[in-house]
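Computed from the coordinates by the stated procedures, all read-outs in this text should not be read as laboratory data. None of the values given here were measured: they were computed from a predicted structure. Every residue, glycine among them, receives a Cβ derived from its backbone with ideal geometry; neighbour counts consider all protein chains shown.
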Amino acid sequence: MKVGIVGMGTVGRSSAIAIALRTQVQELVLVNRNRAVAKGVATDMRYGLPPWSRIRVADGDYTGLAGAQLVVLTAGVNEKTGGATDRNDPLGRLRLLAPNAQVYEEVVPRIAAAAPEAPILVVTDPPEPLTDVARRLAGHERVFGAGTMIDSLRLRVHIAARLGVSPASVHAYVVGEHGTSSVFLWSSARIGGARLGEILAQRRLAFDDFRRAVEQDVRYANIAIIEGIGASQYGIGMVVARMVEAVLGDEHAVFALGSYQERYGATLSLPSVLARDGVSEVLAPEMSADEVQALERGAEKLRRALAEL
């Protein structure tokens, strides 16, 4: 099994490490505009892998992606460099769309030419509209985005911390955009099968206060991380590795991923079945009327952003 990563910035490097340590990938090809960077990462990784993995890690150009079962695309300007770290900016990560669409114009056709059968996993911010850009440039539908999977995990972590339970026992999703218009599905959030609202009522916790505090932490988690270490990278790297594992294992696992939604005329993140060729099915989560309206507003925002490119 062979996987390629295009883009050796902080997210690309963290993804490479996580893939090497978690998955059964046999060959990992690292591609970067400055090949010396990819070579340095590959060389450094090779020295530490023998006790843990038999994976072959190598730098390469785009032709080295031939035969890959999946290509992970992390190339582009990150939030700090692109000026997307203002908590009061309504655009949020969408501020990165134009410069990163230009990067995709260069790299996606080369990926599609070298590995025409490989699904493409879009990780670069903002992932939903860039998934639409990548679909157009690749000329096929096997393109999906990392989307709101990391947001959903952050939501579960913060709910769990406040209630003193394991995040693994919390089932809750963030959908729509990995950005300022993301929608928190509080109406369907559950812990061990019990509705979150009922648990809060039993503990005499005000739902609105709980919701506002958690959403604040989740929406700006990336900025808090950037303020500490300069880039949000390790969590998303682990998430990428989990998605790679699901694709290569044809798991049909369900994650909050971005794929084109004809009903909305744009890529949105929704609970999705992830298999060998990417997203094989999109599920319809339980949503309140307010959540449905918020998702529609988010879709309109994404359509406008794409129209302005």
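Considering only residues in the stretch 156-166 that are assigned to a helix (DSSP H, G or I) and out of contact with any His (no Cβ under 9 Å at 6 or more places or on another chain), the one that is surrounded by the most Cβ atoms within 10 Å (Cβ to Cβ) turns out to be ILE159.
Taken over the stretch 261-307, the criterion of being polar (S, T, N, Q), over 26 Å from VAL247 (Cβ atoms) and either surrounded by 15 or more Cβ atoms within 10 Å (Cβ to Cβ) or touching a residue at least 12 places away in the same chain (Cβ under 8 Å) (or both) is satisfied by SER288 alone. One residue stands out among those in the stretch 146-155 that are outside any loop (DSSP other than H, G, I, E, B) and in contact with a Phe, Trp or Tyr (Cβ under 9 Å, 6 or more places away or on another chain): the one that is farthest from GLY278 (Cα to Cα), which is LEU155.
Elements of the type helices (runs of 4 or more DSSP H) sitting completely within the stretch 172-241 and holding at least 2 residues that are under 19 Å from LYS80 (Cβ atoms): these cover 221-229.
For the stretch 251-309, the set of residues classified as over 13 Å from VAL143 (Cα atoms) and of a type in the set (Val, Ile, Thr) consists of VAL254, VAL273, VAL282, VAL292, listed by residue number.
Considered as a group, the residues in the stretch 236-260 that are of a type in the set (Gly, Ala, Ser) and under 24 Å from MET1 (Cβ atoms) include one that is surrounded by the most Cβ atoms within 10 Å (Cβ to Cβ), and that residue is GLY258.
Residue count for the stretch 73-87, restricted to those that are over 26 Å from GLU117 (Cβ atoms) and either basic (Lys, Arg) or touching a strand residue (DSSP E or B) at 6+ places or on another chain (Cβ under 8 Å) (or both): 2.
Within the stretch 207-230, take every residue that is touching a helix residue (DSSP H, G or I) at 6+ places or on another chain (Cβ under 9 Å) and of a type in the set (D, E, K, R) and give me the one that is nearest to ASN88 (Cα to Cα). So the residue we want is ARG219.
Within the stretch 58-72, the residues that satisfy the criterion of being surrounded by fewer than 22 Cβ atoms within 10 Å (Cβ to Cβ) and touching a strand residue (DSSP E or B) at 6+ places or on another chain (Cβ under 8 Å) are ALA58, ASP59, GLY60, ASP61, TYR62, GLY64, GLY67, GLN69.
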